[in-house]
Every structure is written in structure tokens, then in C-alpha cells.
Amino acid sequence: MKLETELLETLIGMSETDAYKLCKENGYASRTTIEDVKPYIITCDLRFDRVNFEIENGLVTKANIG
């Protein structure tokens, strides 16, 4: 659980590309849910092996497990 928290904190401020790469290296799937205030259509399934990103100006502003 501590690893997840550290990973999520590390992602904030990273570029979208680097964030996807870091998640993959740590065994997590990832997806962008909101980019520059535009929400994407996503499934509502809860997955503990996936990180959701909110992106603004190419940088991760929010990351959570789900």
C-alpha cells in the first residue's frame, strides 16, 4: 500500500508520457480520464492495478488508483 502512495505522489508533475512509462515499469495499467478540462468516456470498473490520470498542459495534476 505504501508503494502505491509513493508512486501516485511521484506521478504528480510528470509528463503524460513519462507517467505512463513509470506505471508500466511498476506493473500498473494506466489511462487518462481528464485532459485540459475535457473528460474522456471511461468504464466505471474498479481496478486496483490501474492508475487514472488527470492531465493539464501535458502534465499530471492528479493520479489515483482505480
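The values are calculated or read from the model by the stated rules, or taken from the named source; none is laboratory data. All figures in this text were calculated on a predicted structure; none of them were measured in a lab. Every residue, glycine as well, gets a Cβ built from its backbone with ideal geometry; the counts of neighbours run over all protein chains shown.
What are the residues in region 18-31 that are among the polar types (S, T, N, Q) and crowded, with 17+ Cβ neighbours inside 10 Å, if any? Matches in region 18-31: 30 only.
Among residues of region 48-66 being in contact with a strand residue (DSSP E or B) (Cβ under 7 Å, 6 or more places away or on another chain) and more than 18 Å from residue 6 (Cα to Cα), the one that is surrounded by the fewest Cβ atoms within 10 Å (Cβ to Cβ) is 58.
A Cβ distance below 9 Å, combined with a sequence gap of six or more or placement on separate chains, defines the contacts here; from region 1-17, residues that are within 15 Å of residue 32 (Cβ to Cβ) and surrounded by 14 or more Cβ atoms within 10 Å (Cβ to Cβ) reach residues that are modelled with pLDDT of 95 or more and of a type in the set (Asp, Glu) in the pairs 11/18; 16/35. Scanning region 1-33 for residues that are among the β-branched types (Val, Ile, Thr) and either under 15 Å from residue 65 (Cβ atoms) or under 10 Å from the mean Cα position of the chain (by Cα) (or both) yields 5, 10, 12, 32, 33. Applying the condition of being in contact with a strand residue (DSSP E or B) (Cβ under 8 Å, 6 or more places away or on another chain) and assigned to a helix (DSSP H, G or I) to region 16-30 and asking which residue is nearest to residue 51 (Cα to Cα) yields 23. Of the residues examined, residue 13 is one that is touching a Leu at 6+ places or on another chain (Cβ under 8 Å), part of a loop (DSSP other than H, G, I, E, B) and at positive phi.
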